[in-house]
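Only one structure is covered here, and it is reproduced in the block below.
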Amino acid sequence: AEPVRVCVTGAAGQIGYSLVYMVGSGAVFGPETPVILHLLDITPMMNVLNGVCMEISDCALPCVRDVIPTDDPAVAFKDIDAAFLVGAMPRKEGMERKDLLAANVKIFKTQTKKSSYFTSIFGCGKVFYSS
């Protein structure tokens, strides 16, 4: 079968890190579905993301055919079939909720513009299909 190309944003963060293993184990797309993981995170997190890639290799996750770690959204969203958009800015001390939401809206707007040509986006527990 042709691999499903899956982007996970914030892949070096706690939620993204957990999702990578769920996708790679076959729990998301099925145990017979091969996947190519496109892992996106911000530039300062690339060393951590490279560590995640080493762990994926060490675990020999049964569905993973390839891993593409990047800090470039154009690379992360190229030719993908699905995405989990979970990468966002954490709340900082003294930051009001509205400021956090405003910052994260910018992140998600950028990601959805880059990803407007693929099949499905998974975020916030919902599945959205682009037309």
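Here, each number is a calculation from the coordinates, and none is a lab measurement. Given the structure is predicted, the values throughout are model-derived calculations rather than measurements. Quick reminder, even Gly has a Cβ in these numbers, built from the backbone with ideal geometry, and neighbours come from all protein chains shown.
Structure above, values below:
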item	result
For residue 38, distant residues with modelled amide H under 5 Å away	6, 7, 8, 68
Distance (nanometres) between label positions extended 7 Å along Cα→Cβ at residue 21 and residue 1	2.3
Long-range HN-HN contacts of residue 86 with modeled amide H, under 5 Å	9
